[in-house]
Amino acid sequence: MKLTENFVIPSSYTLYFDNFFTSIDHLKSLGEQSFRATGTIRENWINHECHLEESKSMRKKERGTSDFASDENSAIFLSRWNDNSTVTVATNLCTLKPFFDVKRTQR
């Protein structure tokens, strides 16, 4: 968190993390400081109060299957989808809308 102390206008920055640095508490803390942040998150770092479909059951479904959850109190949004593997993203930047289908092309 010391890296963010020198920013003059936090709301003009968007921070992106990999799954080693992303946690719900970290996103809450950054949101309280007016930083916008997004990152992939490990499944075992998600609070059990956020009801997302488990990765094991999503792997059995077709590619493109998605699930989402949000915490109204902390304004954290979680989204999980099935691609080649299951990916989970947490953010304090975006919400559900707009949510639309996209097509994946293969080379």
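The values are calculated or read from the model by the stated rules, or taken from the named source; none is laboratory data. None of these values were measured; they are calculated from a predicted model. For neighbour counting, all protein chains shown are included, and Cβ atoms are generated from backbone atoms with ideal geometry for every residue, glycine included.
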Of T40, T65, T91, the only residue that is at pLDDT 85 or above, in contact with a Leu (Cβ under 8 Å, 6 or more places away or on another chain) and either closer than 30 Å to F7 by Cβ or surrounded by fewer than 18 Cβ atoms within 10 Å (Cβ to Cβ) (or both) is T91
Filter pass, S11 being modelled with pLDDT under 80 and at negative phi: yes
Filtering the range 68-88 for residues that are surrounded by 12 or more Cβ atoms within 10 Å (Cβ to Cβ) and more than 15 Å from T40 (Cβ to Cβ) leaves a count of 5
